[in-house]
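The values are calculated or read from the model by the stated rules, or taken from the named source; none is laboratory data. Here the structure is a predicted model, which means the values were calculated and not measured. Virtual Cβ from ideal backbone geometry, glycine too; neighbours counted across all protein chains shown. Ligands, DNA and RNA are stripped out before the accessible areas are found, and what is left, the full protein with its side chains, is counted by its heavy atoms. Shrake-Rupley method; radii C 1.70, N 1.55, O 1.52, S 1.80 Å.
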Amino acid sequence: MALAQQVQLQRDPGARSDIVRRVTGSPALQLVGRRLLTAIPVLLGVTFLTFVVMNLIPGNPARLILGINATPGQIEQTDIKLGLNHPFWDRYWLWLDGLLHGNLGIAYSNQQSVNTDLAQHLPVTCWLLLYTLVVSLGLGVIVAVLAARKPNGIADRLSLAVSMLGLSIAPYVLALVLIYVFAVKVQWFPAISNSLGGNPLQAIRALTLPAASIGFPLFAVYSRLLRADIVEQMQREDYIVTAKAKGVSPWRVLILHATRNSMFTLITLVALNLGTLIGAVAIIEPIFSLPGIGAELIGAIQINDLPLVEGIVVVFALVTVAGNLLADLLYAVLDPRIRYGRSTS
Amino acid sequence: MAAQLPDLTTTLAPGAAPPLPSLVSARHLRNQRVGRALRLWVPAAILVALFFLCFIWPYVYTIPSGTVGSILAAQEPPFSPGHWLGTDPVGVDVFAMLVYGGQVAFEVGFAVTAIGLVIGGLIGLAAGYFGGWTDTILSRIIDVLIAFPALVLALAVAEVLQPSELHLIWALSVFSVPAFARVTRGSTLVVRQLPFIQAARLSGTRSWRIILKHVLPNVIPGIISFSLIGVGIVVILEGALDFLGLGIQQPKPSWGGMIARGQTVLTATPEYVLIPSIVLLIFVMALNLLGDALRERWGVR
């Protein structure tokens with residue numbers, strides 16, 4: 001049987017490619033594979049760039065750690081301990097080697113492993129981003145549906161004005177306004193939270209204002225995008241006309257047909273932009289004294305702590321890459337045309 | 001890939017039919033036209049007014065210094081004589097700080113966007129038009145720069161070079177260039193598929209001529225409206241760096257710096273945060289509205 005197949009293959013090269021296609025076959029898998037391959041140079045590029053930039057900053061980390069009174073001997077010893085006596089390329093190579101083994105090195109500032117540091121601070125940021133995304137997406141979808149129901153109606157205009165405000169306000173300004181109103185004046189939420197506290201309720205209270213500061217601009221982007229997409233679907237697509245002609249109720253057409261189709265443009269956008277949230281997190285977390293990795297990044301940059309900065313940058317670069325991958329996968333899972341590999345125009 | 005014939009079934013779809021003119025009253029049409037004009041000219045007028053206030057007003061009318069003030073005139077409330085918006089805790093005039101900080105915001109915002117527009121636009125055109133390896137390599141570089149956090153670079157620039165406006169412009173351009181490159185590449189890809197490009201190519205026109213004469217004019221409206229929104233993003237980012245103390249440094253006034261200093265006395269005197277914040281909001285919102293209006297006028301998505 002196997003032999004027969006071999007012979008068959010030799011005779012007919014077309015058959016081989018057919019079999020190969022069937023094995024590596026699914027276009028979704030190919031898409032993921034290609035994306036993973038392109039992710040590697042991006043990760044290398046980002047970490048290398050960070051390495052170069054951090055190395056350009058003057059000042060010796062050993063002197064920073066030991067203080068002004070350190071003797072040259074002590075500095076030399078610390079240099080050796082931190083691996084700073086190696087040339088630049090060796091250090092980058094060693095760091096990459098560590099990364100592949102899941103070891104992000106030792107932070108200069110507190111001599112702690114970067115892994116431990118990240119394990120300590122990452123959960124806060126994860127909860128913050130989860131909260132932010134759930135609320136901004138949920139509200140964004142509701143508002144977009146209400147606005148798209150009647151383009152140029154009252155709800156639409158109102159939501160447009162609100163989202164314009166969200167697009168134009170700087171997150172740090174919003175954070176300070178929220179602190180003034182909700183922490184200073186009415187005192188519903190704490191202005192400063194050094195930890196998330198013991199119970200979930202406390203954590204939600206601590207995270208609400210920071211999440212609102214990051215989430216409001218996101219909500220604006222999401223609701224605008226989804227609204228535009230739904231309106232376009234409702235006006236252009238044949239299946240909407242069919243559904244309406246069949247007598248499906250307007251709300252049902254809007255939510256189950258149009259919105260469901262538009263959602264996946266939105267989810268793709270969310271996945272693609274996951275990595276860029278580091279900027280907002282880094283600015284908002286210190287304002288609220290939240291012990292997340294954004295605040296950690298700002299602190300690490302200010303004391304020239306290369307391993308810690310690299311560790312945090314890598315985490316977000318990985319999130320970016322994972323987000324891109326997720327977007328592709330969602331395309332493949334949600335869109336049957338891609339799932340079954342039928343070429344589209 | 002050859003150009004495809006237009007699909008007659010979709011162009012004739014009932015949903016795409018334009019509204020019948022007889023159903024729309026003349027009054028409604030006029031209102032619509034006025035509304036459209038207002039949406040364009042009101043934000044434009046606000047921007048011109050802000051520009052006038054920041055760059056021309058200091059020469060028309062003597063305003064106090066934006067860097068030093070008398071401690072004797074510290075913490076004066078808004079609308080006090082000689083200080084329209086009051087003075088800050090060390091006696092510097094708030095209005096003067098707004099004006100000089102506004103100059104920084106205008107200069108940084110437009111310079112960074114212009115650099116991104118020209119360099120990023122060219123990269124995007126090349127990547128989108130030539131495709132293949134050119135596209136792959138350029139796109140990977142763009143990906144890296146977009147995934148690279150702005151803060152790290154901004155701080156390095158502030159530490160290595162003296163933190164100054166010019167260096168801030170260079171640091172922020174590292175992020176505007178890939179953003180413009182990505183947008184331009186996207187629209188170039190769309191335009192490249194259009195039949196008239198195929199025709200130009202078949203008739204043997206040189207690549208650079210096709211790019212400049214046929215692709216560029218079709219890509220430009222989208223990029224211009226994007227660039228106005230981009231100026232807003234840059235101004236917010238510049239404010240964020242000032243806010244973190246990584247941008248324009250202390251004695252020199254900046255909106256972000258004013259907000260950061262106001263934060264320390266937020267509970268007692270919220271106006272120190274509120275005044276620069278409102279100006280920043282108006283500036284960015286005017287840019288966004290103008291960008292939207294241009295997009296609507298030029299029919300770009």
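Between B:Leu189, B:Leu40, B:Leu29, the residue with the greatest mean-square fluctuation in the GNM of chain B (Cα pairs under 10 Å linked by springs) is B:Leu29. Pairs of C-alpha atoms in the range B:151-301 farther apart than 27 Å represent 43 percent of all such pairs.
If you take the accessible area of B alone, add that of A alone, and subtract the area of the pair, what total do you get in Å², probe 1.4 Å, to the nearest 100? Write out the running numbers ahead of the final one.
Working: alone 17440 and 20100 Å², together 33950 Å².
About 3600 Å² of accessible surface is lost on pairing.
With the cut-off at 1.5 for a/c, could you classify the range B:119-169 from its C-alpha gyration tensor as rounded, prolate or oblate? Judged from the Cα gyration tensor, the range B:119-169 comes out prolate (a/c at least 1.5, a/b above b/c). A:Phe182 sits with roughly 60 Å² accessible to a 1.4 Å probe, with DNA, RNA and ligands left out of the calculation.
Accessible surface for B:Met258 stands near 10 Å², nearest 10, in the context of the full protein assembly shown (1.4 Å probe). Using the 1.4 Å probe convention, the accessible area of the range A:238-335 works out to 37 Å² per residue with neighbouring protein chains retained.
Against the compact-protein benchmark of 2.2 N^0.38 Å, the Cα-based radius of gyration of the protein assembly as shown scales to 1.07.
3J(HN,Hα) along the range B:232-246, derived from phi through the Karplus expression 6.51 cos²θ - 1.76 cosθ + 1.60 where θ = phi - 60°, amounts to x, 5, 4, 5, 5, 5, 4, x, 5, 5, 4, 4, 7, x, 9 Hz, with x in place of Gly and Pro. Using only the Cα atoms of the range A:222-345, build the gyration tensor, take square roots of its eigenvalues as a ≥ b ≥ c, and label the shape rounded, prolate or oblate: rounded if a/c is under 1.5, else prolate if a/b is larger than b/c, else oblate. Verdict is prolate for the range A:222-345.
Name the aspartates and glutamates eligible as straight-distance cross-link partners of A:Lys81: C-alpha to C-alpha under 16 Å, and not fewer than 8 places from it in the same chain. Within the straight-line limit of under 16 Å, A:Lys81 reaches these aspartates and glutamates: A:Asp90, A:Asp305.
Residues considered: B:Gly222, B:Gly121, B:Gly239. Largest GNM mean-square fluctuation over chain B, using C-alpha springs under 10 Å, is found at B:Gly222.
Run the accessible area of the protein assembly as shown with a 1.4 Å probe and give the carbon-and-sulfur part as a rounded percent.
That fraction is 67 percent.
For chain A, with a Gaussian network of springs between Cα atoms less than 10 Å apart, report the residue from A:Val319, A:Val248, A:Val309 with the top mean-square fluctuation. Maximum fluctuation in the GNM of chain A, among the listed residues, is at A:Val248. Sequence-ordered 3J(HN,Hα) estimates for the range A:118-132 from the Karplus curve with 6.51, -1.76 and 1.60 and θ = phi - 60° stand at 5, 4, 6, 9, 5, x, 4, 5, 4, 4, 4, 5, 4, 4, 4 Hz, glycine and proline given as x.
Summing charges over all other residues whose Cβ lies under 14 Å from the Cβ of B:Phe283, with Lys and Arg as +1 and Asp and Glu as -1, gives -2. Angle check, please: helix B:132-147 long axis (alpha carbons) against the longest principal axis of chain B (alpha carbons), in degrees 0 to 90, nearest 10. Helix B:132-147 sits at roughly 20 degrees to that axis. Shape class of chain B from the alpha-carbon gyration tensor: oblate, with a/c at 1.5 or above and b/c at least as large as a/b.
Which value, in Å², gives the accessible area per residue of the range A:42-200 when a 1.4 Å probe is used on the protein heavy atoms?
Values: 8730 Å² over 159 residues.
Heavy-atom SASA per residue in the range A:42-200 reads 55 Å².
The distance separating the Cα centre of the range A:205-243 from that of the range A:114-140 comes to 21 Å.
Would you list A:Ile267, B:Ile210 from the most to the least accessible area, probe 1.4 Å? Walk me through the numbers before you get to the answer.
Working: A:Ile267 55, B:Ile210 0 Å².
The ordering from most to least exposed comes out as A:Ile267, B:Ile210.
Counting only the Cα atoms, the range B:67-182 fills a convex hull of 118 Å³ per residue.
Going from most exposed to least, what order do B:Ile46, B:Ile211, A:Ile80 have by accessible area with a 1.4 Å probe?
On the way: B:Ile46 65, B:Ile211 20, A:Ile80 100 Å².
Putting B:Ile46, B:Ile211, A:Ile80 in descending order of accessible area: A:Ile80, B:Ile46, B:Ile211.
Here the Karplus curve 6.51 cos²θ - 1.76 cosθ + 1.60, taken at θ = phi - 60°, turns the phi angles of the range A:300-309 into couplings of 5, 4, 5, 9, 6, 8, 4, x, 5, 4 Hz, with x standing for Gly and Pro.
Rolling a 1.4 angstrom probe over the protein heavy atoms with all chains in place gives the range B:115-274 an accessible area of 43 Å² per residue.
Relative to one another, the C-alpha centroids of the range A:30-53 and the range B:124-166 are positioned 14 Å apart. Sorted largest first by accessible area at a 1.4 angstrom probe radius, with every protein chain in place, the residues B:Tyr100, A:Tyr108 fall in the order B:Tyr100, A:Tyr108.
Relative to the compact globular guide of 2.2 N^0.38 Å, what is the alpha carbon radius of gyration of chain A, as a ratio?
On the way: Rg = 26.0 Å, N = 345, 2.2 N^0.38 = 20.3 Å.
Chain A yields a ratio of 1.28.
Taking the charge dipole of the protein assembly as shown about its Cα centre, with +1 at Lys and Arg Cβ atoms and -1 at Asp and Glu Cβ atoms, the residue from A:Ala206, B:Ala96, A:Ala39 reaching farthest to the positive side is A:Ala39.
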